[in-house]
Every structure is written in structure tokens, then in C-alpha cells.
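First up is the structure itself, then whatever we jot down about it.
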Amino acid sequence: MATILVTGGAGYIGSHTVVELVKAGYDPIIFDNFSNAKPAVLDRIKQICGRRVPFYAGDIRVYDQLAQVFAQNKIDGVIHFAGLKAVGESVNKPLEYYDNNVNGSRVLLQVMRDYGCKNFIFSSSSTVYGEPDALPLTEQSPIKRANSPYGQTKIDIEYMAQELQHAHPDFSVVLLRYFNPVGAHESGLIGEDPQGIPNNLMPYITQVAVGRRECLSIFGNDYPTPDGTCIRDYIHVVDLALGHVAALNHCLDKAGVHIYNLGTGVGYSVSDMVKAFSKVLGHELPHKFAPRRAGDVVACYADASKAKNELGWVATHTLDDMCRDAYNWQKNNPNGYDD
Ligand code: NAD
Ligand code: WQD
């Protein structure tokens, strides 16, 4: 089976994808600099998979560190998760974001080209669509100037990879635009472990649930939506991981640019999320309304039919599954991988 280099494979989505790659018979190799991950995740992956997954500590911005992996292994394809992802932080640290994300991706693509590896799968984001003109979002929806440096790096990397494919037509470039990944592996062994105060909704909710934080602030209840709170397309991280396996199965060695939305196609409001989570918890999650957060779009959800028709992939986990698995992970690991 094919050997797949997984940059950022120790991170949240990367670790879940490594598990599903092993299950599907691929041979993943993890490459990560641990800037936002803990080494403990490697043991957890081993516990789930029943075998150790090869691992290199390195930074995608350092050519020689990546080149060593390609020199020592025949890499058939790369799934590229490595990067910085905090929208708010990127506003204050734009240069760090362009360096890590855009420059890091450039170095990675250069190493791939030099070593004749032609399969590239990239973690893009629904953020490239900006504030949508129409919903649901299809892959044809316009790309809008991003409202954060983070979002702009995703747009820049998408263009860079497409331009490389144009120059080298035998490349297969897959751009996967994720909606809002949440939840955790059902074993409760791996999950999302943000450092500091969580920026994203689900980890904030789970930390309130285990008593690490007092109360969830819902940012805005005066949006033009049925209950006044923002709407998103939350997708279980295991479904997302399986989307990568489906993309590999379908696009490996298939020259061209392949773009897919990975979402459920269903939008839920923040209040829906609180209700669903409270059901799993068995009592109401402490929450209050707070002012709007700058930069939030009102509503965003996918038309995921292209991935269904071409990859044979659909998200199957329900909102209850997402809440149950996220809570299970946080309950088992109240302080994340520090335990
Ligand atoms: P994460 O921070 O958990 O994982 C990223 C991993 O990359 C971390 O393990 C980190 O240590 C590593 N890394 C960062 N910079 C690196 C570098 N220069 N060299 C080597 N390793 C490096 O994030 P995640 O949620 O798993 O996201 C993975 C990818 O998916 C990111 O590119 C992110 O932008 C993208 N994405 C995430 C979401 C989301 O909501 N989580 C949504 C859309 C897209
Ligand atoms: C979801 C909803 C908040 C926290 C971000 C990135 C996006 C993508 C996914 C990477 C919003 C509300 C949140 C809280 C709240 N990442 N909220 N209280 O902003 O949709 O997307 O992650 O590519 O690019 O922007 O996700 O989880 O932060 O917010 O009320 O404490 O929850 O206002 O409506 P978002 P999120």
C-alpha cells in the first residue's frame, strides 16, 4: 500500500487521519514540530492502531529536515496539515502565519517536486469563501479576500499549489475545504487539546462541561438567523479523516486539481449546539449571551454533493455523536494530553 507523509500528523485532525489511514491499509509517516501538539499523542495512536506509526520531528520550513524523510522513504503522497490555525492570533502575528503556512507549504512543495512526489492533499478551509453571497456553499462559490491573515494564507496556498500543478501537469493537487471539525475518536484516546483559552466553540463547551471554565459566552444573539445565533456546518473529525482516505483512494496519481468541500451540508446554530451538548451532559450547560465576535460570518454551510458523487464520501456522524465523543474525550482527559 502507498506510503503517505502526514505533516502536522500529531495535531487534532492529523492524528485522527493517521488512525483512519492505518485502518484503510495505508502506511502513514508523521512529520510534526510539536508547536501545537504533544508527543503523548504518538502513544495514543499506537494504542488505537496496535502498532507504532513512524515519526519524524521536524519543521516544514526547513528543507533538509523534510528532504531527509523523502531520502529515507519512498513517499507516494503527502497530506499537509502542518500550519498555524488561530484566526485571532494571526491578526497580531501575520508574519509568523505567512512564514509557517505559506513559506512552509512552499518548501514542502519544493521538496516534493525535487523528489518526484506528485500527490498533494491540502487542508484548506471554508474560510476561503468569506461571507457567503448564497448558501449552501459549492466549490464554485467565489473565493473572497479573507478577513484574517490566517484565512489569506489558505487562499495563497491554494493558488500556489494550483500554479505548481499548472507548471507540472502530472501533479495531483487536492484541496479539501473543511467546514467546522469537532468531536473526537470514539475511544476517547485522541481529541482536540487547545493550549490556553479555546478560541473555538466545541473545546470551550467541553472545558465548561468538565469544570475547567465557568460559563460559555455565546457571541451574539441578534444575528439574522432563526434563533439569533450564528450557523455553522459542524463535522465529526472522524468523518473528516475518512474524507482524506476517500480523497486518497480516488485522487492518488490522478493528475489535475481536485477541490472538495468536506462538510455535512447541515447548518446548526450556536444555541442548537448548546442544546445538543446539554442533552449529552444530562443538565444545561452554563451559558450566557455576550456581544458579537469581530469577523464572524452569520451563516456558513456546505453543499457536500461533489464529494459524495465523486469520492463516494458522506459524513455519517450526527450532532449527538459529535457532542458525545467530544465530551468523552474531555472527560477522560480533563487537562488534555497533560494527564
Ligand atoms: P493542529 O494545530 O492541531 O495541527 C497542526 C499540527 O501542525 C500541529 O501538530 C503542529 O504542531 C504542527 N505544525 C505547525 N507548524 C508546523 C511546522 N512549521 N512544521 C511542522 N509541524 C508544524 O490543527 P488542526 O485543527 O489539526 O488543523 C490541521 C490543519 O487543518 C491546519 O492546516 C488547519 O489550518 C486546517 N484547518 C483546520 C480547521 C479546524 O477548525 N480545526 C478548519 C479548517 C482547516
Ligand atoms: C463557531 C461559532 C462563534 C466560541 C473557525 C475559523 C475557520 C475554521 C474553523 C480553520 C461562531 C461561536 C465560539 C465561543 C461562541 N478554522 N462561539 N462562543 O469561527 O466558525 O471557524 O474555525 O480554518 O477558519 O474561523 O469556528 O468554533 O470559533 O465558532 O459563541 O466561545 O461559535 O461566534 O458563531 P468559526 P468557532
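Bear in mind that the values in this text are calculations on the coordinates, not laboratory data. Every value quoted in this text rests on a predicted model; they were computed, and no experiment measured them. Glycine gets a Cβ as well: all are built from the backbone with ideal geometry, and neighbour counts include every protein chain shown.
Once both labels are positioned 7 Å from their Cα atoms along Cα-to-Cβ, the gap between Arg145 and Asp99 label points is 2.6 nm.
Only bridges with both residues in the chain count here: give the DSSP antiparallel percent, nearest 5. All intermediate terms of the calculation are to be shown ahead of the outcome.
Values: 2 of 40 bridges.
That works out to approximately 5 percent antiparallel.
Assuming charge only on the beta carbon of Lys and Arg (+1) and of Asp and Glu (-1), the dipole of the chain about its Cα centre is about 240 debye to the nearest 20.
If R0 is 41 Å, what FRET efficiency do you get for Glu163 and Gln195 from their C-beta distance, rounded to 0.05? Intermediate results must be reported in sequence, preceding the final value.
Numbers: r = 34 Å, r/R0 = 0.83.
According to the calculation, E is roughly 0.75.
Kindly work out what percent of the DSSP beta bridges joining two residues of segment 1-112 are antiparallel, to the nearest 5. Could you put the intermediate results ahead of the total?
Details: 0 of 12 bridges.
Within segment 1-112, antiparallel bridges account for around 0 percent of the total.
In the chain, helices alone account for a calculated mean residue ellipticity at 222 nm of -11000 deg cm²/dmol, with every DSSP H run of four or more residues adding -39,500 (n - 2.57). Longest stretch of the chain clear of exposed loop sites (chymotrypsin sites (Phe, Trp or Tyr not before Pro), DSSP loop, at most 16 other Cβ atoms within 10 Å, sites excluded): 116-339. Based on Cα contacts under 8 Å between residues 6+ apart, the chain shows a relative contact order of 19 percent. Tell me the trypsin sites (Lys or Arg not before Pro) within segment 220-281 that lie in a loop according to DSSP and have at most 15 other beta-carbon atoms within 10 Å. Answer by residue number: Lys254.
Between Gly77, Gly282, Gly265, the residue with the greatest mean-square fluctuation in the GNM of the chain (Cα pairs under 10 Å linked by springs) is Gly282.
Under the 0.36 nm per residue contour assumption, what length would be gained going from the current alpha-carbon distance of Glu186 and Asp170 to full extension? Spell out each step's value before the answer.
Values: separation 16, 0.36 × 16 = 5.76 nm, distance 3.83 nm.
Going from the current span to full extension adds 1.9 nm.
Model label sites at Ala67 and Asp222, defined 7 Å from Cα along the beta-carbon direction, differ in position by 5.8 nm.
Modelled label positions at Ala24 and Asn249, each set 7 Å beyond Cα in the direction of Cβ, lie 0.7 nm from each other.
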